[in-house]
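One structure below.
The values are calculated or read from the model by the stated rules, or taken from the named source; none is laboratory data. Note that the structure is a prediction, hence the values are computed from the model and not measured. When we count neighbours, we look across all protein chains shown, and the Cβ atoms used for this are built from the backbone with ideal geometry, even at glycine. Surface areas here come from the heavy atoms of the whole protein model, side chains and all, with no ligands, DNA or RNA. Shrake-Rupley method; radii C 1.70, N 1.55, O 1.52, S 1.80 Å.
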Amino acid sequence: RNDTTGQTDVGFSLRSCYARINNLQQNKGRIDHTIDINNDLPVTHVDAIVENSTIRANGSSYGDCIRTFSESDVTVSNCYLYSPAGQDPTGGTAVGINGPSNSVHIINNVLDKIPWGIYVYGSITNSNNITVENNQIKNSLKGGVVLDKMQYEGIDLGGGKLGSKGGNVFSHTNPPAGYFDVIFTNGNGNSTANINALGNTWTGGVGTNKEQ
């Protein structure tokens with residue numbers, strides 16, 4: 001889907017299917033959501049693997065390298081997800097989980113210079129299971145992992161019930177004011193969950209940030 005400026009809304013739209021994307025190289029142009037999963041209703045289950053790929057965020061105030069909405073089992077592994085020079089610092093996400101009933105496994109990736117590394121909407125109670133393991137999350141402009149309306153233990157950064165071994169490395173050469181490795185935000189509802197995050201390396205000054 002394109003507009004008159006040459007901007008593309010969606011690169012790959014996956015809906016009610018099985019998909020494996022290997023060695024995708026997306027380094028040019030402006031695609032808001034390079035891989036978009038179950039964004040149209042009605043949907044049935046999607047099984048998707050994205051691996052060994054390089055995906056550039058679009059550089060504007062919104063958009064995702066990979067985004068899923070609902071009814072999905074997604075593995076993202078051995079990928080380089082990054083933002084171009086001049087990225088708008090207010091938005092853009094490497095991996096976004098925007099709805100219920102998702103199992104997402106984010107393993108052995110590099111997330112580089114993207115405003116929000118991983119953005120998770122808690123959605124319906126106990127409906128998402130997300131593991132984050134052995135990733136490098138570098139130089140995020142806003143936050144490494146952002147949890148919005150997270151009221152249950154639906155994400156495991158290490159040592160939790162979902163089986164993540166941790167091993168994530170958060171780093172920033174010059175953290176901007178207001179940056180945190182892990183952010184709890186109340187943008188779409190209160191975030192009250194206790195999240196396990198053992199066995200990781202932190203930027204320093206790690207904490208949580210409650211935003212109303």
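The figures follow:
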| quantity | calculated |
| --- | --- |
| Positions within region 104-143 being out of contact with any Ser or Thr (no Cβ under 8 Å at 6 or more places or on another chain) and either closer than 15 Å to Gly160 by Cβ or modelled with pLDDT of 95 or more (or both), in sequence order | Val110, Val120, Asn126, Asn134, Asn135 |
| Single residue of region 162-177 satisfying the filter (within 19 Å of the chain's Cα centre (by Cα) and open to solvent by 20 Å² or more (accessible area, probe 1.4 Å)) that is nearest to Tyr152 (Cα to Cα) | Leu162 |
| Given (1) in a strand (DSSP E or B); (2) open to solvent by 20 Å² or more (accessible area, probe 1.4 Å); (3) over 20 Å from His172 (Cα atoms), number of the condition Tyr119 does not satisfy | (3) |
| Cβ-Cβ under 6 Å pairs, at least 6 apart or on other chains, region 88-117 side farther than 23 Å from Asn78 by Cβ, far side charged (D, E, K, R) and assigned to a loop (DSSP other than H, G, I, E, B) | Ser101/Glu71 |
| Residue in region 26-44 that is open to solvent by 40 Å² or more (accessible area, probe 1.4 Å), part of a strand (DSSP E or B), within 17 Å of Glu71 (Cα to Cα) and touching a residue at least 12 places away in the same chain (Cβ under 8 Å) present | no |
| Residue list for region 12-63, restricted to those being at pLDDT below 90, touching a Ser or Thr at 6+ places or on another chain (Cβ under 6 Å) and within 20 Å of Ile106 (Cα to Cα) | Ala57 |
| Single residue of Ile66, Ile106 found to be under 14 Å from Ile137 (Cβ atoms), among the hydrophobic types (A, V, I, L, M, F, W, C) and in a strand (DSSP E or B) | Ile106 |
| Residue count, region 69-80 (criterion: assigned to a strand (DSSP E or B), closer than 20 Å to Asn134 by Cβ and open to solvent by less than 40 Å² (accessible area, probe 1.4 Å)) | 4 |
| Residues of region 26-45 satisfying the condition of being more than 20 Å from the chain's Cα centre (by Cα) and among the β-branched types (Val, Ile, Thr) | Val43, Thr44 |
| Which listed residue is modelled with pLDDT under 95, under 15 Å from the mean Cα position of the chain (by Cα) and open to solvent by less than 50 Å² (accessible area, probe 1.4 Å), from Ser83, Ser101 | Ser83 |
| Boolean, Thr131 is over 24 Å from Cys79 (Cβ atoms), surrounded by 18 or more Cβ atoms within 10 Å (Cβ to Cβ), without any contact (Cβ under 8 Å) to a residue 40 or more places away in the chain and in contact with an Asp or Glu (Cβ under 8 Å, 6 or more places away or on another chain) | no |
| Contacts under 8 angstrom Cβ, first residue in region 190-204 being at negative phi, partner exposed (fewer than 13 other Cβ atoms within 10 Å of the Cβ) and in a loop (DSSP other than H, G, I, E, B), 6 or more apart | Ser191/Lys210; Asn196/Lys161 |
